[in-house]
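Right, one structure below, let's go through it.
The values are calculated or read from the model by the stated rules, or taken from the named source; none is laboratory data. Just so we're clear, the structure is a prediction, and the values are computed from it rather than from any experiment. Please note: Cβ atoms are built from the backbone with ideal geometry, for glycine as well, and neighbour counts cover all protein chains shown.
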Amino acid sequence: MHNIGSSAMIVLAVLHMGQTLIYGAYRKPRELNWITGVFMLFIVFGFGLTGYLLPWDQKGFWATQVATSIMGLSPVIGEFLKEVVQGGNDYGNLTLTRFYSFHVFFSTSRSYIVYGDSYLSVQKAWRYTALETR
């Protein structure tokens, strides 16, 4: 159930961002809504990436190895970042622990902050639009 829900969440978040882009809802006075929406999309992607490894099966193992290898190709800090995320040179318990802690603690706390900011900016934009239409 969690696997299907996360896939649906990613698809729906991308569709919502596409709808927002098509309708032009990123224009004034909603610029802050768009920016927080982009941050929320990246958080959803982060949840998906870190949650993919957590069942600790072959699919998750190899997908995480591909993702961290791509991360390691970044110029200047790529190898360092790969070793930090991976927990050393090999995949193992440290990798699983780091992905779990990022998935449960870091991403969740960041999502609450960004979702709260999004809620407040939407309320502000609605008030601004309501005043404009009078």
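Quick look at the numbers
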read-out: Yes/no for A25 being under 30 Å from A125 (Cβ atoms) and touching a Leu at 6+ places or on another chain (Cβ under 6 Å); value: no
read-out: The listed residue being surrounded by 13 or more Cβ atoms within 10 Å (Cβ to Cβ), under 18 Å from W62 (Cβ atoms) and small (G, A, S), out of G92, G87; value: G87
read-out: Qualifying residue in the range 114-133 (condition: more than 16 Å from Y26 (Cα to Cα), in a helix (DSSP H, G or I), β-branched (V, I, T) and at pLDDT below 90); value: yes
read-out: The range 55-100: number of residues that are touching a Gly at 6+ places or on another chain (Cβ under 7 Å) and within 18 Å of S6 (Cα to Cα); value: 0
read-out: Helices (runs of 4 or more DSSP H) wholly inside the range 1-113 that include at least 2 residues being touching a His at 6+ places or on another chain (Cβ under 9 Å) and in contact (Cβ under 8 Å) with a residue 24 or more places away in the chain; value: 31-53
read-out: Exclusive hit being among the β-branched types (V, I, T) and on the phi < 0 side of the Ramachandran plot, set V76, V85; value: V85
read-out: Filtered residues of the range 99-120 (kept if buried (at least 17 other Cβ atoms within 10 Å of the Cβ) and either among the aromatic types (F, W, Y) or over 15 Å from the mean Cα position of the chain (by Cα) (or both)); value: F99, F102
read-out: The range 28-60, subset under 18 Å from Q123 (Cβ atoms) and polar (S, T, N, Q), residue modelled with the lowest pLDDT; value: N33
read-out: Scan of the range 61-82 for residues that are under 16 Å from G48 (Cβ atoms) and aliphatic (A, V, I, L, M), ordered by number; value: A63, V66, A67, I70, M71
read-out: Single unsatisfied condition, H2 versus (1) within 30 Å of W126 (Cα to Cα); (2) modelled with pLDDT under 90; (3) surrounded by fewer than 11 Cβ atoms within 10 Å (Cβ to Cβ); (4) not β-branched (V, I, T); value: (1)
